[in-house]
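Novice: Below is a structure I'd like to ask you about.
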Amino acid sequence: MSVLLFGVSHRSAPVEVLERLAVSDHDRPKLIDELLSSRAISEAMLVSTCNRVEIYAVVDAFHPALEAVGSVLGDHSGMTVNEMTRHAYVRYSEAAVEHLFTVAAGLDSLVVGEQQILGQIRNAYLSADANDSAGRVLHELAQQALRVGKRVHTETGIDRAGASVVSVALHRAKSLLTDPATGAHRLRRAVVVGAGAMGGLATAQLAREGVTEMVVVNRTVDKADHLAGNIAANHGISVRGVGLDDLPEAMATADVVVTCTGAIGAVVGVGSVHSALAARTGDAAPLVICDLGLPRNVDPAAARLPGVHIVDIEGLRGDSETQAAENDTLAARSIVAAELADYLTHQRQAEVTPTVAALRQRAADVVEAEILRLETRLPDLEGAQRDEVAKTVRRVVDKLLHAPTVRVKQLASTPNGDHYAEALRELFELKPGAAEAVSAPDHLGGLPSGDAAGDLGDR
């Protein structure tokens, strides 16, 4: 049994594709049932947010399971397999586990370090548990992922990483807008492109920096209006939401533009910036654009226009505050790597345990059969003598089995350790189902509490 991941996220697909693939809580059980109807899939969990759709499945064979997942998602979204594969990523076995741990740690989110994704993984797992689509493998995997995420947020400062990038970028923008003679800055009017988690951080930070007028621009105007309303209510400044078509007009009066979308390709093109510059008054300050998108939201060619300064992620890497955030990110990745190694070691050892148990059961059966044969051939053997012979036979068998069983458990913790268990089954002629017959799936408890899941993020 191995874990298969099929996913689409803000890193691989445009918003339009994510919206078509998104799965509501109401539709999730239906899709899970369809996945489990495939003989290739025995367990399944579906994570669906505004920024990602990921299916984790426990499978017997890679290709049949992948075909089943593609068919189910294709029927749901109305997309062909070719359309989906252009934007999808597939992980298998150890790579799938590593990806889930990375996501739970907030390292794959649009805003690095956000915690909401942890709660979303927890909800996906609870849904799978409630629908009986999570067996032993997914129980252990999901719960370990939740523990990894909680540990990362407890032991590192990664929660501050996203906010640090926004803060550093705005400090850089303020320095570009400061009059060298008077020391006064012109950071009063701002435009924020993107209404997601990073957009929320940017608008809040701009309000704290003294911005008095703000425009939130988003492809979906309702989301822009919602964020604008929250900022206006919390900070008492003038904020309005508009669509992307109104971006040039909004930039025409702005001192700073902050872009922070997960879109693939440039959201702010040279044409939009040129139109904004043409509409600016003669005494307008330079236009500073903080491009915080990954990948970049702004066409790099816009930096060549007169009066335009672009501050991007790459240009912030040398800042001490940014470096501190990067150090927290590195610490988080180290935790993920260590937890992944421990998890894989445990899984490899767990996989060989049924084989060892089946071997010992096979040996016990052989011993009992030989003792019965002895009693048949020597019916006059006294009870004490018979017991001593039985003990001797069992000791001999135990000593012969000790070294190979201990060694196979040791080797199981290494890469390809399952090969040794397979060799053991072959050498001792263990039946294909013997290992599974002596092992029962465990339902592990102890989910992290709600506060461990967090409230901010991946959406």
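Novice: Could you tell me which of the residues Thr345, Thr376 is in contact (Cβ under 8 Å) with a residue 60 or more places away in the chain, surrounded by fewer than 18 Cβ atoms within 10 Å (Cβ to Cβ), farther than 30 Å from Val193 by Cβ and among the hydroxyl-bearing types (Ser, Thr, Tyr)?
Specialist: The conditions single out Thr345.
Novice: Now a separate question. Of the residues Arg28, Arg52, only one is under 27 Å from His153 (Cα atoms) and either surrounded by 18 or more Cβ atoms within 10 Å (Cβ to Cβ) or small (Gly, Ala, Ser) (or both); which?
Specialist: The match here is Arg52.
Novice: When you go through Ile264, Ile231 one by one, which is the residue that is in the same structural domain as Ala279 (by TED's automatic domain parsing), over 23 Å from Thr281 (Cα atoms), out of contact with any Leu (no Cβ under 7 Å at 6 or more places or on another chain) and surrounded by 23 or more Cβ atoms within 10 Å (Cβ to Cβ)?
Specialist: Ile231
Novice: Give me a count of the residues in the stretch 274-298 that are at pLDDT 85 or above, of a type in the set (A, V, I, L, M, F, W, C) and over 20 Å from Ala224 (Cβ atoms).
Specialist: Residues flagged as at pLDDT 85 or above, of a type in the set (A, V, I, L, M, F, W, C) and over 20 Å from Ala224 (Cβ atoms) within the stretch 274-298 amount to 5.
Novice: It is to be established whether one or more residues within the stretch 319-326 are β-branched (Val, Ile, Thr), at pLDDT below 90 and over 18 Å from the mean Cα position of the chain (by Cα).
Specialist: yes
Novice: Additional query: From the list Ala124, Ala96, which one is in contact (Cβ under 8 Å) with a residue 24 or more places away in the chain, within 18 Å of the chain's Cα centre (by Cα), crowded, with 17+ Cβ neighbours inside 10 Å and over 21 Å from Ala337 (Cβ atoms)?
Specialist: Unique residue meeting the criteria: Ala124.
Novice: Against the condition touching a helix residue (DSSP H, G or I) at 6+ places or on another chain (Cβ under 6 Å) and within 16 Å of Ile335 (Cβ to Cβ), how does Val97 come out, does it pass?
Specialist: Judged against the criteria, Val97 is not a match.
Novice: Let me ask you something else. So, in the stretch 55-89, of the ones that are buried (at least 17 other Cβ atoms within 10 Å of the Cβ) and more than 20 Å from Met1 (Cα to Cα), which residue ends up nearest to the chain's Cα centre (by Cα)?
Specialist: Ala88
The values are calculated or read from the model by the stated rules, or taken from the named source; none is laboratory data. Model, not experiment: these values are computed from the prediction. Cβ atoms come from the backbone with ideal geometry, glycine included; neighbour counts cover every protein chain shown.
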